[in-house]
Amino acid sequence: MKAPIEPPRARLDAGLTALGLDPSDDQRRQLIGFIELLARWNRAYNLTAVRDPLEMVPRHLLDSLAVRPYLLGSPVLDLGTGPGLPGIPLAILDQTRRFVLLDSNGKKVRFVRQAALELGLTHVGVVQARMESYRPEEKFATIVSRALAELETQWRAAGPLLANPGLFLIMKGRRPDAELDALTAPNRAIHRLAVPFLDAERHLIEIRQD
């Protein structure tokens, strides 16, 4: 007899509990709605290598939400958001902050705009631009990035966009010691993240500007 298939919502609920998060039922439905939309678009547009919505829960939703306790102030910039990660999950859980999701890839930007519209995330703006040339009028209290580029490359792009005081959060897998040695940013800290149902190392590089 085959074991019952675990639904994504059950895994999400267990993961949120493990992270110490208790969003509303509407927010939980929005999170599941996001990965369902991502899985549907992914069949045509190849937005992510993760195909199974059940695997999207830890790899995309819980991984993104693991950085929520570190956010500082508003607005928040998701630098190189790709298919809306970590910006969309963070914005679903925190509707008191304004979010800007930036990417240069047209098909991913189209998806993120549609996701924000369908999920009713009116506090989310989506911008198509290269991070090196993006110069908005307002600087950001927090900038967050996920699996984007080497630390120093990201810092050079993010520095001019960061408010003072401000916080730059860079999500990485294994601890990037060689990149840390080359990083010129001061006031940095490294946190090891525990992501439920994800059997892989995750680290967060925190750079403070003040």
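Things to note:
- Failed item, numbered, when Asp94 is tested on (1) more than 22 Å from Leu47 (Cα to Cα); (2) of a type in the set (Asp, Glu); (3) open to solvent by 30 Å² or more (accessible area, probe 1.4 Å): (3)
- The set of residues in region 30-43 that are over 18 Å from the mean Cα position of the chain (by Cα) and charged (D, E, K, R) comprises Arg40, Arg43.
- For region 16-32, the criterion of being of a type in the set (S, T, N, Q) and open to solvent by less than 20 Å² (accessible area, probe 1.4 Å) is met by none of the residues.
- Test: Asn46 is surrounded by 19 or more Cβ atoms within 10 Å (Cβ to Cβ) and more than 15 Å from the chain's Cα centre (by Cα): no
- Any chance Pro86 is touching a residue at least 60 places away in the same chain (Cβ under 8 Å), under 22 Å from Thr153 (Cβ atoms) and touching a strand residue (DSSP E or B) at 6+ places or on another chain (Cβ under 8 Å): yes
- Residue count, region 65-94 (criterion: closer than 15 Å to Leu37 by Cβ and assigned to a helix (DSSP H, G or I)): 5
- Test: Thr142 is surrounded by 16 or more Cβ atoms within 10 Å (Cβ to Cβ) and either among the acidic types (Asp, Glu) or in contact with a Phe, Trp or Tyr (Cβ under 8 Å, 6 or more places away or on another chain) (or both): yes
- Criterion: within 17 Å of Gly173 (Cα to Cα) and of a type in the set (A, V, I, L, M) - qualifying residue of Leu31, Leu65: Leu65
- Look at (1) open to solvent by less than 20 Å² (accessible area, probe 1.4 Å); (2) assigned to a helix (DSSP H, G or I); (3) touching a Leu at 6+ places or on another chain (Cβ under 9 Å); (4) without any contact (Cβ under 8 Å) to a residue 60 or more places away in the chain and you find that Leu38 fails only one, number (4).
The values are calculated or read from the model by the stated rules, or taken from the named source; none is laboratory data. Because the structure is predicted, anything quoted here is derived from the model rather than measured. Glycine also receives a Cβ, built like all others from the backbone with ideal geometry; neighbour counts cover every protein chain displayed. When the accessible area is computed, the model is the full protein with side chains, heavy atoms only, and any ligands, DNA or RNA have been set aside. Shrake-Rupley method; radii C 1.70, N 1.55, O 1.52, S 1.80 Å.
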